[in-house]
Every structure is written in structure tokens, then in C-alpha cells.
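Colleague: Can you keep this structure in mind? I'll have questions shortly.
The values are calculated or read from the model by the stated rules, or taken from the named source; none is laboratory data. What you see is a predicted model, and the numbers here were worked out from it, not measured in a lab. Cβ: placed from backbone, ideal geometry, glycine included. Neighbour counts: every protein chain shown.
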Amino acid sequence: MNKMKEEKMGKARIGVFSVGYDKYWSQFPGLLDELLKKEAEFIRKIPVEEVEVFSFGMVDSPAVAYEKVKEIVAANLDFLFCDMLTYATSGTFGVIARSVQCPIVLVALQPLKAMDYKQATTYMQLVNDDICALPEFTGVAVRLGKPVPEIIIGTLYDDRQVDEEVREYCRIAKVLHSLKNAKLGHIGHPLNSMMDMNTDPTMLTAFFGSHVISYEPNELLQQMENVSDREVKEKEACILDFFDTPDPVSDPISMKLRDEDLKVAAKVSLALDKFVESNGLNGLAYYYDGADNSSIRQLMSNLIVGNSLLTARHIPMCGESDLKTLVALMIMDRLGIGGSFAEFHPIDFNDGFVLVGHDGPHNISIAEGKPVLRSLKKYHGKPGNGAGVEFKIKEGPITLLSINSTYDGKFKLIIAEGESVSGPIPPTGNTNTRGFFQPDVRTFLKRWISEGPTHHFALGIGHHAATLEKIARYLNLEYKIISVN
């Protein structure tokens with residue numbers, strides 16, 4: 001992540017507390033020390049370079065729980081692991097589960113893959129009794145009216161699945177932390193007549209915690225008017241290093257990148273950098289027209305290059321004033337799977353895929369090969385002309401995430417998995433990727449569209465529907481994963 005933004009938002013805050021049964025300590029000398037070594041081994045699995053860890057130690061009685069819960073609540077955590085070191089009464093868990101607002105995951109990792117039954121002792125069983133209290137804890141969560149916690153079950157050592165699950169929950173914690181601390185900018189209004197784009201910023205705060213601030217386009221224009229010629233030349237060189245600029249192919253509205261379009265793209269990119277930094281923004285959604293031949297129109301219609309560069313720096317940007325998809329882009333970015341602004345384009349009925357893309361902005365960090373810049377004589381459906389970004393998503397598994405508003409004023413996550421495959425795309429100065437979806441393209445599209453998504457969505461690499469499902473549940477939002485059968 002961009003260092004400035006990481007410092008501003010801070011790392012996700014993850015807590016760990018362990019549970020045991022205080023009656024055991026006098027009965028079995030050395031047991032407590034051995035269990036605390038298990039706790040230390042679990043904490044070592046948490047990627048401390050990515051998240052901040054708060055360890056609250058052993059909770060082995062209700063009395064200790066009532067004391068520790070004050071520290072846990074005060075820590076303002078994004079995520080909490082409960083390390084089941086041996087059997088523990090649910091009195092060690094109940095008050096904590098009732099009081100904390102963040103998700104809790106119960107972790108049961110026994111040190112032995114199997115006990116040596118011929119040499120087994122009660123002591124050995126207690127050291128490996130991690131799952132014993134799981135039903136008791138989940139049953140109490142139900143009685144408290146709380147969600148049943150997620151559970152990790154496995155072995156403490158050499159268990160790849162456990163390590164992957166721990167990292168997944170840490171990525172989820174990063175998503176939750178970013179959403180509730182996000183400062184999102186908004187310039188202009190939804191593209192006229194796009195009724196699905198309309199978003200109530202207060203509802204974004206209510207359900208995601210994000211704060212939306214409206215700005216006027218002249219504030220961005222002021223930044224552009226203050227860039228120096230030296231800065232422009234440096235940014236031009238950066239852009240040319242990052243993008244290819246091939247000759248035009250078949251589309252008559254596309255040309256080889258013109259010097260004047262490069263210069264405008266560089267100036268706008270610099271203005272965006274300064275605007276985002278000076279306002280401390282973590283993302284931006286925009287759409288604004290402006291008068292013919294005005295500086296405002298030139299500015300607002302040439303954001304694509306700068307937006308793509310910022311999105312690749314973990315500062316998602318979203319066109320057509322789509323605040324909901326801006327949130328989807330941030331979710332994917334914090335999961336480390338990219339997040340590119342997308343919609344469905346024409347179907348290829350011969351080969352059974354649908355083109356997936358948009359006219360920008362895009363997440364260049366998940367591009368297949370070097371992205372392309374072309375000069376466009378017009379931006380179809382929008383005013384202005386200038387540089388357009390063209391690239392394909394990396395080949396392999398992909399995930400789609402749409403966030404739409406529901407009739408009752410809430411949000412719904414619509415999720416699908418597919419494949420990005422190799423092959424030519426239209427050379428139109430826009431992003432396009434060949435998306436294959438199961439069971440076939442027609443059935444998939446009918447199922448997706450029937451869930452009432454926005455026409456935009458975030459596109460990421462890898463298959464992550466299960467992780468997005470967890471995020472939806474933690475946010476208490478409706479969700480739908482499109483079936484592949």
C-alpha cells in the first residue's frame with residue numbers, strides 16, 4: 001500500500017485472547033506454561049507486517065473475562081481471535097462476545113496430529129483438547145443473540161490450511177478497517193439518467209462506516225492550474241514508462257497517443273495526486289460535464305490515466321459517480337486481489353464468453369502485460385476526448401463484486417466467479433477481458449442480472465466468493481453468490 005495512505009488509515013487492529021480453565025493449573029503443574037507456548041505459536045502465524053496485533057493473554061475464569069473485556073473494547077479492534085488452548089467454560093467467552101462489536105473467530109489448533117494412544121495421559125489430552133468447548137461457545141453466542149463465530153480447526157504446526165485461513169481473516173480485517181476509516185471524495189453527480197448509480201452517502205456511513213465528502217470541480221481545477229512545467233515533463237515520462245503507445249488498429253476513433261493528449265493526461269494526473277493528498281482521500285467517485293471548450297470539461301473528461309495510476313497505488317477511483325462500486329473496488333483492493341471498474345460488453349456466442357471492461361479507470365496492478373494508451377477522438381457517451389487506457393486482466397480465475405441499493409435502503413452484494421482467458425480484445429482504448437462463466441454465458445448472465453445489480457462492478461483476480469460472503473455477513477448485508485451449476 002502507498003506509505004502515506006497506510007500511515008493515515010493505520011493498520012487493521014487484530015486482538016487475540018486465549019481461554020483455559022483455571023481449575024486445571026493446580027491439578028496439572030506445567031500445563032499453563034505449555035498452553036501459553038501454544039498461544040505464542042498461534043500469534044506467530046499472524047502477519048504482523050500487515051496488521052497490528054493486541055494480545056490480551058489468558059482468560060481462564062468469568063472474573064478474568066469481566067476485567068479483560070474492558071481492555072478488549074477499549075482497543076477498538078477490527079477483528080478478534082479467541083484461541084481455544086484447552087477446554088474452557090463459556091463464562092470466559094460470554095461477556096466478551098456480548099460486548100465486542102467486531103467479528104470473532106474461534107481458533108482450535110491442537111499441537112499433535114493424533115495422540116499416542118498407548119502412552120496417552122489426561123495431561124496430554126488437555127494439551128490437545130482445543131475443540132472441546134467449541135459447541136459450548138457457539139451455543140452461548142446463539143443464546144446471546146450474536147452471530148455464531150467462524151471457526152478454524154486444525155493443527156498448530158505444519159498445517160497449510162490453517163495458515164491460509166489465518167491470513168484470509170487478516171485480509172478481511174484490513175477490509176473492515178479500511179471501510180470504517182475511509183474518507184471518500186465525490187465530485188459532481190451520477191451520469192444523468194443512470195438511476196442505478198444514485199447513492200445516499202449517509203447510508204454508506206451507516207453500513208460501511210465510510211465518510212463521503214463532496215467537492216466542487218473547481219477545487220480540482222485549481223490544483224491543475226498550479227502544476228509546473230517540470231512536474232508535467234516528469235509525469236509524462238512516468239506515463240510513457242508505464243504504458244505502451246501502439247499505432248491504431250481498426251477503430252477509426254482511436255489514434256496513436258498524441259503529444260497534446262499526453263500533456264493533458266499528465267497535468268490532470270498531477271492535479272489528482274495533489275488533490276487526493278491535500279484532502280487526505282482514500283478514494284474518489286466523480287462525474288461532471290462542464291461547458292463546451294471549458295477548462296473544467298477538459299479536466300473532468302481526462303481523469304482516466306491519473307485515476308488508473310492512483311487505483312494501482314491502492315487509492316481506488318470510480319467514474320460515473322458510482323460510490324457503491326467505489327466501495328467494491330476498495331474491498332477488493334484491501335483483499336489484495338486488485339479491483340478494476342467494469343461492466344459487461346458484447347458476448348461472443350461462438351466461443352461462449354462475454355467481454356468485461358469499461359472506459360476507465362482501471363487497476364493496472366492486475367493487468368496482463370503492459371497496458372496501452374491510445375488517443376481517442378471522442379469518449380463514447382460522454383463529452384470530451386483524449387487519452388484512453390486499454391488493458392486485459394491477468395489470465396486465470398477472476399471474481400466479480402457488485403454492490404447495489406435495495407428497495408428498503410440497504411445494500412446487497414452480488415458475487416460471481418469466472419475465468420479470464422487469453423485471446424484478442426477490441427483495440428478501442430478501453431479495457432476488455434474475455435470472461436468465461438459457468439455453466440454457460442447465457443445462463444450466467446441471466447442469473448447475474450436477475451439479482452438486480454448495478455451495471456458496474458469491481459473485477460478482481462482469483463476466486464474469492466467465500467471471503468466476500470464472510471465480509472457481507474460481518475457487515476450484516478444481504479448477498480448472493482451466483483450459482484455455477
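Colleague: Please go through segment 437-453 and pick out each residue that is assigned to a loop (DSSP other than H, G, I, E, B) and surrounded by fewer than 21 Cβ atoms within 10 Å (Cβ to Cβ).
Modeller: Scanning segment 437-453 gives Gln438, Pro439, Asp440, Glu451, Gly452.
Colleague: Another question, then. Give me the pairs: first residue in segment 76-89 and of a type in the set (Phe, Trp, Tyr), second residue surrounded by 24 or more Cβ atoms within 10 Å (Cβ to Cβ) and assigned to a strand (DSSP E or B), beta-carbon distance under 6 Å, and six or more apart or on different chains, which are they?
Modeller: Pairs found: Phe79/Ile14; Phe81/Val107.
Colleague: If you check Pro252 against the conditions, is it in contact with a Ser or Thr (Cβ under 6 Å, 6 or more places away or on another chain) and of a type outside the set (Gly, Ala, Ser)?
Modeller: Taking the combined requirement at face value, the residue does not satisfy it.
Colleague: Separate question: Tell me the residue from Ala141, Ala173 that is outside the structural domain of Asn307 (by TED's automatic domain parsing), under 30 Å from Arg44 (Cα atoms) and in contact with a Cys (Cβ under 9 Å, 6 or more places away or on another chain), please.
Modeller: On inspection, the qualifying residue turns out to be Ala173.
Colleague: Now a separate question. Which count do you get for residues in segment 411-436 that are at pLDDT below 95, surrounded by fewer than 17 Cβ atoms within 10 Å (Cβ to Cβ) and not aliphatic (A, V, I, L, M)?
Modeller: The total comes to 4.
Colleague: When both residues are 6+ apart or on different chains and their Cβ atoms are under 6 Å apart, which pairs have a first residue that lies in segment 135-155 and is of a type in the set (Val, Ile, Thr), and a second that is surrounded by fewer than 16 Cβ atoms within 10 Å (Cβ to Cβ) and not in a helix (DSSP H, G or I)?
Modeller: Between residues of segment 135-155 that are of a type in the set (Val, Ile, Thr) and residues that are surrounded by fewer than 16 Cβ atoms within 10 Å (Cβ to Cβ) and not in a helix (DSSP H, G or I), the close pairs are Thr138/Val148; Thr155/Lys113.
Colleague: Output the helices (runs of 4 or more DSSP H) that fall wholly within segment 271-388 and possess 3 or more residues being at positive phi, or say none.
Modeller: By residue number, no helices (runs of 4 or more DSSP H) qualify.
Colleague: Select from segment 184-202 the residues that are in contact with a Phe, Trp or Tyr (Cβ under 8 Å, 6 or more places away or on another chain) and either part of a loop (DSSP other than H, G, I, E, B) or surrounded by fewer than 16 Cβ atoms within 10 Å (Cβ to Cβ) (or both) and list them in ascending order.
Modeller: His189, Pro190, Leu191 - these are the residues of segment 184-202 that are in contact with a Phe, Trp or Tyr (Cβ under 8 Å, 6 or more places away or on another chain) and either part of a loop (DSSP other than H, G, I, E, B) or surrounded by fewer than 16 Cβ atoms within 10 Å (Cβ to Cβ) (or both).
Colleague: If I filter segment 25-45 for residues that are more than 20 Å from Gln125 (Cα to Cα), free of Cβ contacts under 8 Å to residues at least 60 places away in the same chain and out of contact with any Gly (no Cβ under 8 Å at 6 or more places or on another chain), do I get at least one hit?
Modeller: yes
Colleague: Would you check if there is a residue in segment 111-122 being in contact (Cβ under 8 Å) with a residue 60 or more places away in the chain, assigned by TED's automatic domain parsing to the domain that holds Asp33 and either of a type in the set (A, V, I, L, M) or within 22 Å of Leu80 (Cβ to Cβ) (or both)?
Modeller: No, because not a single residue in segment 111-122 is in contact (Cβ under 8 Å) with a residue 60 or more places away in the chain, assigned by TED's automatic domain parsing to the domain that holds Asp33 and either of a type in the set (A, V, I, L, M) or within 22 Å of Leu80 (Cβ to Cβ) (or both).
Colleague: Would it be correct to say that Pro346 is free of Cβ contacts under 8 Å to residues at least 60 places away in the same chain and more than 18 Å from the chain's Cα centre (by Cα)?
Modeller: yes
Colleague: Please count how many residues of segment 29-81 are out of contact with any helix residue (DSSP H, G or I) (no Cβ under 9 Å at 6 or more places or on another chain) and surrounded by 18 or more Cβ atoms within 10 Å (Cβ to Cβ).
Modeller: Going through segment 29-81 one residue at a time, the tally reaches 1.
Colleague: Can you name the residue in segment 455-485 that is part of a loop (DSSP other than H, G, I, E, B) and within 18 Å of the chain's Cα centre (by Cα) and, of all such residues, is surrounded by the fewest Cβ atoms within 10 Å (Cβ to Cβ)?
Modeller: Step by step, filter segment 455-485, then rank; the result is Asn476.
Colleague: Among the residues of segment 141-166, write down those that are part of a helix (DSSP H, G or I) and either more than 17 Å from Leu77 (Cα to Cα) or of a type in the set (Ser, Thr, Tyr) (or both).
Modeller: Result: Ala141, Val142, Arg143, Arg160, Gln161, Val162, Asp163, Glu164, Glu165.
Colleague: Next up: May I ask you to list the residues in segment 15-63 that are among the aliphatic types (A, V, I, L, M) and within 38 Å of the chain's Cα centre (by Cα)?
Modeller: Val16, Val19, Leu35, Leu36, Ala40, Ile43, Ile46, Val48, Val51, Val53, Met58, Val59
Colleague: Just to verify a result, which residue in segment 377-410, among those that are β-branched (Val, Ile, Thr) and in contact with a Lys or Arg (Cβ under 6 Å, 6 or more places away or on another chain), is modelled with the lowest pLDDT?
Modeller: Looking at residues that are β-branched (Val, Ile, Thr) and in contact with a Lys or Arg (Cβ under 6 Å, 6 or more places away or on another chain), I get Thr406.
Colleague: Out of segment 275-291, which residues are surrounded by fewer than 24 Cβ atoms within 10 Å (Cβ to Cβ), touching a residue at least 24 places away in the same chain (Cβ under 8 Å) and not polar (S, T, N, Q)?
Modeller: Those that are surrounded by fewer than 24 Cβ atoms within 10 Å (Cβ to Cβ), touching a residue at least 24 places away in the same chain (Cβ under 8 Å) and not polar (S, T, N, Q): Phe275, Glu277, Gly280, Leu281, Tyr287, Tyr288, Asp289, Gly290.
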